[in-house]
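Please read the structure below before turning to the comments.
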Amino acid sequence: MKSHISNALSDFFFEYETPRQVLVRNRRVGVVCRIIQLGVLAYIIGWVFIYEKGYQSADTAVSSVFTKMKGVGYTSINGSERVWDVADYVFPSQGDASFVVMTNYIITEGQEMGTCPELHGKHNCSTNADCEGGSFKRTGHGQMTGVCVENKTCEVLAWCPVEDDHKIPDPPMLMSAENYTLFIKNSVTFPLFGVSRSNLVEDIDAAYISKCLHHPDDAPLCPIFKLGDIVKLSGFDFETIARVGGAIGIVVDWTCNFDVDVTHCKPQYNFHGLYGNAAETDKAKASVGYNFRYAKHYMDNKVQKRTLLKVFGIRFDIIVQSLARKFDIIPTLTAIGSGVGIFGVATVVCDLVLLYLLPKRAFYKNMKFKYTDTHVQHDSELLGLEKSDYCNLEANARQVQGTGQSNDPDSEAGSTETEVSKVRVSYISYKK
C-alpha cells in the first residue's frame, strides 16, 4: 500500500503529460489553417491593439462648465427705442452649461388682473350659454365668467389685456444676436490618472483671449465663439432659427493619450444642430422652434401689473465628452491572452475538415486518435509476451509502416494495422 502511494506521488510530481500531435501534410488543410491564423493575427493587431487600443486602460473625466455671454442688442418699435444687454436676453443668468439666448419676442405690456375678452379663436361664442362660467380651457388665458361680449368671445378673468401671439415678428427682433460672443470655460479631471486640464491650455493667456475668436482652422483652441459662427457650423441658417427658436449642441471633446506628454491633451469643439432647421418651419408639424414666457412684475399706483414676454430663442447645450487612455500591463496581457486563445479556432476548424469533410477522413481519424482496445491484452497473452513488450512490438511495426509510406500526403498505402498484423503473423509462425 505504501509503495502504491509513493509511486502515485512520484508520478504526480515528477512526470509531465503533453498532448499528442500529428503532423498532417495536406495542402488544403494547411492553407485553411494559415488563412485563419492570419485573420486572427490581423484582428488582434489591427482591431484590438491599434483601433481599440487594448494595451491601455481608459478613464472618463469629471467636468465643470462655466459660460459668459457678451453683446448688446437694439430694437425700435413704434418709435420706442430699447437696448438689450446680457441681463435681458440670457436665461438663466448664472452661466450654466445649458442656457437660452433670446432672438425674437412678443411683448404684452401693462397687464393687470381683471376681466376682458378672450383672444379670437380661443373661446368664440354666440350667447352667454356658450360660455360656461367658472370653467376654463387648456389653451385659454383665464377662467370664463359666463358672459359673451360684443366681439363674440367669452369674457375671462385673467391678466388683461390678453396676449396676442398669432403673428410672430419677421424678421426677428434681435438679429443683432448674430454678433454676440460666447465664452466657454471648461475644466476636466481624470481621477484614474490624476490629471486635471482646462480648455485654457498653455498657449492661451489673457492677452490672447482679449483678441481671439474661434475658428476651426485658424484658432481652434480659442474659447470665445461668435453666435453666428456657431449657428453656421451647426448647419443652420441664423435668420430662420432666430425667428422661431431652436437648439444647438456644443460638444467639447477631450480625447487624450497620456502615453505622451499631457500638454498634448487639448479640447476639440464640435457643433450639432438639434432642432430649428428650415424643414421645421413646415406648418404641418405639431410644434415648431423653441419658445417660453416670462413676466416682469411691478406696482403702478398700488396696482400690481406685469410685462409679459413670449421669448423665441436659441437654446445652447454644452456637452463635455471625454476619454483618456494610458498604457497598462493588465489589459495588455488580457488582450494577448484572449488573442492566443482565439488561435485555437484554426485547430478546431482544421480538425473538422480533416475528420469530417475530406475523402480520406477515416485515415486521418486513425492517425489522430489512439484507441485502447481489448485486443492488446488478448494478443499479448496469445503470443506469450508481456503487455509492455507487445506494445513495443506494435510501435516498431508502426515505425516500419511510416518509413515505407510514399511521400503523397493523402496516401493510405501500408496502413499501421496491416503492418502490425504482418508482424503478429510472423511472430506466431516463428513460435510454431
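The values are calculated or read from the model by the stated rules, or taken from the named source; none is laboratory data. Keep in mind it's a predicted model, so treat the numbers as computed, not measured. For neighbour counting, all protein chains shown are included, and Cβ atoms are generated from backbone atoms with ideal geometry for every residue, glycine included.
Can you tell me which of (1) touching a helix residue (DSSP H, G or I) at 6+ places or on another chain (Cβ under 8 Å); (2) acidic (Asp, Glu); (3) not assigned by TED's automatic domain parsing to the domain that holds ALA295 is the one ASP170 doesn't meet?
(3)
Select, from LYS211, LYS152, LYS226, LYS122, the only residue that is at positive phi and either among the charged types (D, E, K, R) or touching a strand residue (DSSP E or B) at 6+ places or on another chain (Cβ under 6 Å) (or both). Let's see the steps before the verdict.
Values: LYS211 fails: at positive phi; LYS226 fails: at positive phi; LYS122 fails: at positive phi.
Result: LYS152 is the single residue among LYS211, LYS152, LYS226, LYS122 that is at positive phi and either among the charged types (D, E, K, R) or touching a strand residue (DSSP E or B) at 6+ places or on another chain (Cβ under 6 Å) (or both).
Output the residue which, of all residues in region 23-69 that are of a type in the set (Gly, Ala, Ser) and touching a strand residue (DSSP E or B) at 6+ places or on another chain (Cβ under 7 Å), is farthest from PHE343 (Cα to Cα).
At the first step, the residues of region 23-69 found to be of a type in the set (Gly, Ala, Ser) are 30, 39, 42, 46, 54, 57-58, 61, 63-64.
Pick out the ones that are also touching a strand residue (DSSP E or B) at 6+ places or on another chain (Cβ under 7 Å) and you get 57-58, 61, 63-64.
Details: SER57: 24, ALA58: 26, ALA61: 36, SER63: 42, SER64: 46 Å.
Taking the candidates together, the pick is SER64.
Let me confirm something: among GLY337, GLY402, which residue is modelled with pLDDT under 55, in a helix (DSSP H, G or I) and under 60 Å from the mean Cα position of the chain (by Cα)?
Within the list GLY337, GLY402, the selection yields GLY402.
Of the conditions (1) under 30 Å from GLY194 (Cα atoms); (2) outside any strand (DSSP E or B); (3) polar (S, T, N, Q), THR347 fails just one. Which one is it?
(1)
Only residues in region 95-112 that are under 15 Å from ARG243 (Cα atoms) count as the first member; pair them with residues that are part of a loop (DSSP other than H, G, I, E, B), Cβ under 6 angstrom, at least 6 apart or cross-chain, and list the lot.
Every condition considered, the pairs that remain are THR103/PRO172; THR103/LEU174; ASN104/PRO169; ASN104/PRO172; ASN104/MET173; TYR105/MET173; ILE106/ASP165.
Evaluate the following for VAL252: is it hydrophobic (A, V, I, L, M, F, W, C), modelled with pLDDT of 95 or more and under 18 Å from ALA61 (Cα atoms)?
So VAL252 passes the test.
Of everything in region 80-97 that's aliphatic (A, V, I, L, M) and over 32 Å from the mean Cα position of the chain (by Cα), which residue is surrounded by the most Cβ atoms within 10 Å (Cβ to Cβ)?
Selected residue: VAL86.
LEU200 - would you say it is in the same structural domain as PRO267 (by TED's automatic domain parsing) and either surrounded by 13 or more Cβ atoms within 10 Å (Cβ to Cβ) or part of a strand (DSSP E or B) (or both)?
yes
Can you go through SER176, SER187 and tell me which one is in contact (Cβ under 8 Å) with a residue 60 or more places away in the chain, surrounded by fewer than 20 Cβ atoms within 10 Å (Cβ to Cβ), within 25 Å of LYS232 (Cβ to Cβ) and within 40 Å of the chain's Cα centre (by Cα)?
Being in contact (Cβ under 8 Å) with a residue 60 or more places away in the chain, surrounded by fewer than 20 Cβ atoms within 10 Å (Cβ to Cβ), within 25 Å of LYS232 (Cβ to Cβ) and within 40 Å of the chain's Cα centre (by Cα) holds for just one of SER176, SER187, which is SER176.
Taking PHE225 as meeting all but one of (1) in a loop (DSSP other than H, G, I, E, B); (2) modelled with pLDDT of 95 or more, write down the number of the exception.
Looking at each condition in turn, PHE225 falls short on (1).
Give region 24-63 a look and list any residue that's in contact (Cβ under 8 Å) with a residue 24 or more places away in the chain, within 21 Å of PHE258 (Cα to Cα) and not aliphatic (A, V, I, L, M), or say none.
PHE49, LYS53, GLY54, TYR55, GLN56, SER57, ASP59, THR60, SER63 - these are the residues of region 24-63 that are in contact (Cβ under 8 Å) with a residue 24 or more places away in the chain, within 21 Å of PHE258 (Cα to Cα) and not aliphatic (A, V, I, L, M).
Would a scan of region 16-23 turn up a residue that is farther than 30 Å from LEU358 by Cβ, β-branched (Val, Ile, Thr) and touching a residue at least 60 places away in the same chain (Cβ under 8 Å)? Before you say what the answer is, go through the steps one by one.
If we filter region 16-23 for residues that are farther than 30 Å from LEU358 by Cβ, which is where we start, we get 16.
Okay, now just the ones that are also β-branched (Val, Ile, Thr), so none.
No, region 16-23 has no match at all.
For region 1-28, which positions are under 52 Å from the mean Cα position of the chain (by Cα) and not in a loop (DSSP other than H, G, I, E, B)?
Within region 1-28, PHE12, PHE13, ARG27, ARG28 meet the criteria.
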